[in-house]
């Protein structure tokens, strides 16, 4: 890893630096156990995909982006913006306070803000794309076949899922119920429409129709 001190975690070679350790500690303090395990798995999946595909990347940026991508995915979330943007701001503050330069801090911000938008994130810089890939692999199984099954099993064994599907669904529904205005253009809308009685979000169709022009 370009001379960076490293260690094995969940069977994956990862950077072992003060910045990564700070991010790991911060994620542990701020997250429920299931969510902490999710962000660690996402990090390990992201890093392993980068290794298997020989993608040149800043491993510290990938670590921080993945570990801090869900700081606002909880039932304390109160907006006012979509949870990914609120989380991205928190991650950038963390990075800047840790001495990360502006360019790397922006990559971390993008990694968090786009973590649930693979239609964009997968086509960004390598660090953002890898974070997106690792997170989406853990949540929906996207590109599951890239990492050997035995390696995935090893990561999940060390960082169990702890009923993640149900717990994460509950968080998404909380956002849809309490902050529907933050969900009209993101995937949380799907959870609101499926599970939250009376849920209704703004529509892009309405925005176009109400634009302040004659035609």
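The values are calculated or read from the model by the stated rules, or taken from the named source; none is laboratory data. These numbers were taken from a predicted model, which means no experiment stands behind them. Because the Cβ atoms are built from the backbone with ideal geometry, glycine has one as well, and the counts that use them run over all protein chains shown.
Things to note:
- Restricting 132, 72 to residues that are part of a loop (DSSP other than H, G, I, E, B) and buried (at least 23 other Cβ atoms within 10 Å of the Cβ) narrows the list to 72.
- Boolean, residue 110 is touching a residue at least 12 places away in the same chain (Cβ under 8 Å) and out of contact with any helix residue (DSSP H, G or I) (no Cβ under 7 Å at 6 or more places or on another chain): no
- Filter result (assigned to a loop (DSSP other than H, G, I, E, B) and surrounded by 10 or more Cβ atoms within 10 Å (Cβ to Cβ)) within the stretch 187-215: 187, 196, 199, 200, 201, 202, 203
- Odd one out for residue 152 among (1) under 17 Å from the mean Cα position of the chain (by Cα); (2) assigned by TED's automatic domain parsing to the domain that holds residue 90; (3) part of a helix (DSSP H, G or I): (1)
- The condition (being surrounded by fewer than 16 Cβ atoms within 10 Å (Cβ to Cβ) and either in contact with a helix residue (DSSP H, G or I) (Cβ under 8 Å, 6 or more places away or on another chain) or under 20 Å from residue 82 (Cα atoms) (or both)) is satisfied by just one residue among 158, 145, 181, 127: 181.
- Answer from 8, 55, 49 - the residue that is farther than 22 Å from residue 93 by Cβ and in a strand (DSSP E or B): 8
- Filtered by the rule that a residue be crowded, with 16+ Cβ neighbours inside 10 Å, in contact with a helix residue (DSSP H, G or I) (Cβ under 8 Å, 6 or more places away or on another chain) and part of a helix (DSSP H, G or I), the stretch 23-36 gives 23, 24, 26, 27, 34, 35, 36.
- Exclusive hit being touching a strand residue (DSSP E or B) at 6+ places or on another chain (Cβ under 8 Å) and either in contact (Cβ under 8 Å) with a residue 12 or more places away in the chain or assigned by TED's automatic domain parsing to the domain that holds residue 130 (or both), set 19, 44, 67: 44
- Taking the stretch 169-186 as the range and being part of a loop (DSSP other than H, G, I, E, B) and within 15 Å of residue 77 (Cβ to Cβ) as the test, the residues that pass are 179, 183, 186.
- The single condition among (1) closer than 30 Å to residue 103 by Cα; (2) exposed (fewer than 14 other Cβ atoms within 10 Å of the Cβ) that residue 153 does not satisfy is (1).
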